[in-house]
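First the structure, in the form of structure tokens, and then the observations on it.
The values are calculated or read from the model by the stated rules, or taken from the named source; none is laboratory data. Bear in mind the structure is a predicted one, so any value in this text is a computation, not a measurement. With ideal geometry, Cβ positions are generated from the backbone for all residues, glycine too; neighbour counts draw on all protein chains shown.
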Amino acid sequence: MTEADSEIIKPEMLKAYVWLETSDDSIQQVEQEVAMYCPFICQEIHSGMGSSKNYPISLPSRVNPPMLSLILDYCRFHQVPGRSNKERKSFDEKFVRMDTKRLCELTSAADSLQLKPLVDLTSRALARVIEGRTPEEIREIFHLPDDLTENVEEEEHADERSVDDLLSFINGDNDDNMFGLYPEL
């Protein structure tokens, strides 16, 4: 290769790419170095998939184009060596600032690609969302139906232990019988 040839060839032309097919059948070309950050994609590449548009890596159904885009942004940032912990923490904090529904979708997509660091990050963000909330508030946040009937809710709150059993337990005189839960032998 002559000096003139090397000036024509741009560094991005030397990069290896893989082809990924998302749940809506769209196919995207992605830098192999970035895609390899996802264990699922890495396994597929090693099995010979993704080398061309005709043989793309079929991603799990939970990975739609918007989620793939977010995941690739995360991978592009984190696969660069030499970033400080402060830079990574700042990026991560900003990265998970999204509505709860999208955060759940991202957690699910990252899990299906076996991208544990992102699953851990999004799971911690979801834990912060529900921290200190009542079950009713959590159901409202995640748009979950209340599947308990009134009778079941009442049963959950009914405490059938006697005052004497509770005092015995508090005073340590329970004879290893937890509040009368075990019948006498």
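Condition first: over 30 Å from Asp99 (Cα atoms), of a type in the set (A, V, I, L, M, F, W, C) and assigned by TED's automatic domain parsing to the domain that holds Leu20. Can you find one or more residues in the range 36-53 that meet it?
Yes, there is a match, as at least one residue in the range 36-53 is over 30 Å from Asp99 (Cα atoms), of a type in the set (A, V, I, L, M, F, W, C) and assigned by TED's automatic domain parsing to the domain that holds Leu20.
Among the listed residues Glu33, Glu93, Glu105, identify the single one that is over 20 Å from Arg128 (Cα atoms) and either charged (D, E, K, R) or not assigned by TED's automatic domain parsing to the domain that holds Val129 (or both).
Glu33
Quickly run through the range 99-150 and pick out the residues that are of a type in the set (A, V, I, L, M), over 12 Å from Tyr74 (Cβ atoms), within 15 Å of the chain's Cα centre (by Cα) and surrounded by 10 or more Cβ atoms within 10 Å (Cβ to Cβ).
The answer is Leu103, Ala125, Leu126, Val129.
I'd like to check something: does the range 140-148 contain any residue that is modelled with pLDDT of 90 or more and closer than 30 Å to Ser58 by Cα?
Checked against the condition, which is being modelled with pLDDT of 90 or more and closer than 30 Å to Ser58 by Cα, the range 140-148 yields no hits at all.
Can you tell which of Ser58, Ser69, Ser23 is modelled with pLDDT under 95 and of a type in the set (Gly, Ala, Ser)?
Answer to the selection: Ser23.
If a residue must be part of a loop (DSSP other than H, G, I, E, B) and loosely packed, with under 15 Cβ neighbours inside 10 Å, how many such residues does the range 36-93 contain?
Residues that pass the stated criteria total 14.
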